Amino acid sequence: MKVEHFEKAFLSLGALLLLAGLGALLYGSIGAHIHLPGNVGQVDPAVVRTTAPFDQPGLRQVGPNEYEAVILGQTWNFLPSELRVPVGADVRFIGTSADVIHGLNIEGTRVNMMLIPGQISSMTYRFDEPGEHLIICHEYCGAAHHSMFGRVVAVNQLTEGDLVGSGSALAESGVYFDSEGNLVCEDIVGTGTELFQTQGCAGCHSLPSANASGNIGPPLDQVAANAAQRITDASYTSSAETPDDYIRESIMTPAAHVVDGYPNAMPAPQSLSDAEVEVLVQMLLAVSGQ
Ligand code: CUA
């Protein structure tokens, strides 16, 4: 069989291109370790808040220059809300959702994955320079989707508090009830304000003392007076009898009484201990004048 000169050239060119493409793929996946962010495991979303490692989201060191950053997405914030990671190290981001589907995109990087309830997604990235990056939810997830963001700060040197288990994690916020049932907390306003900001309250409510200006839910700068007034209101049909009770109820079972003019949009249950809820209640009463 006689093959034309040009035909031969085109056939070789085609074969060459195929090989080059295959080579690039192999180099990318084996040589440069580029993988699509993928499903790496399952977790029951109903108990994800108490299932390791999502019960303590944050950064862990897993090797000489290797870290794991565990992130839990929920309506409408990321836990932790701020994450400090070391420059020049491999950081494996591991994420899932506690409720609906969220997105996780770290601005200015190629970290871009879905947070799907029940599924664990993972992707590894190395920050080459120090700097701040927003974590953005890029999947519409409800009323306050637009306020769902977090922050990754790449730093040259981690400090001790940047790692989970070293005192910074919410699970170790240092507030608890003693054996007599008294709340133990050194700084109720400071700790409460930090909880308010890190637990996503600030995304939906305004509270000047916490630099919060959300407008999905009612403003909280007058919550002490408002709570006292609402429990006497005819439209209030639940069981709180004091402003404390009312605020506690609004945090734990937000649907019990929905303030006029606002949607019944607050997520529940909260991933807060009883002591943390108490700190939030006391902080809100304190900063709103009671
Ligand atoms: Cu979470 Cu949009």
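Every number here is computed from the coordinates shown, using simple stated rules; none is lab data. What you see is a predicted model; the values in this text were computed from it and never measured. So basically every Cβ, Gly included, is an ideal-geometry build from the backbone, and we count neighbours across all protein chains shown.
Values for this structure:
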| read-out | value |
| --- | --- |
| Per residue convex hull volume, Cα atoms of the chain, in Å³ | 186 Å³ |
| The chain, helix-only ellipticity at 222 nm - DSSP H runs n ≥ 4, -39,500 (n - 2.57), divided by all residues, nearest 500 | -7500 deg cm²/dmol |
| Options ILE216, LEU285, ILE71, ranked by Cα towards positive dipole end of the chain, top entry (Cβ charges) | ILE71 |
| Test item: Cα-centred dipole of the stretch 173-287, Lys/Arg +1 and Asp/Glu -1 on Cβ, debye | 440 debye |
| Dipole magnitude of the chain about its Cα centre (Cβ charges: Lys, Arg +1; Asp, Glu -1), debye to nearest 20 | 1360 debye |
| Euclidean distance between Cα centres, the stretch 188-235 to the stretch 17-60, Å | 38 Å |
| Cβ charges +1 (Lys, Arg) and -1 (Asp, Glu), total dipole of the stretch 38-158, debye | 60 debye |
| Proxy reagent accessibility, fewest Cβ within 10 Å first, across LEU163, LEU79 | LEU163, LEU79 |
| Theoretical FRET efficiency, 1/(1+(r/R0)^6), r = Cβ-Cβ of LEU13 and ASN112, R0 35 Å, to 0.05 | 0.50 |
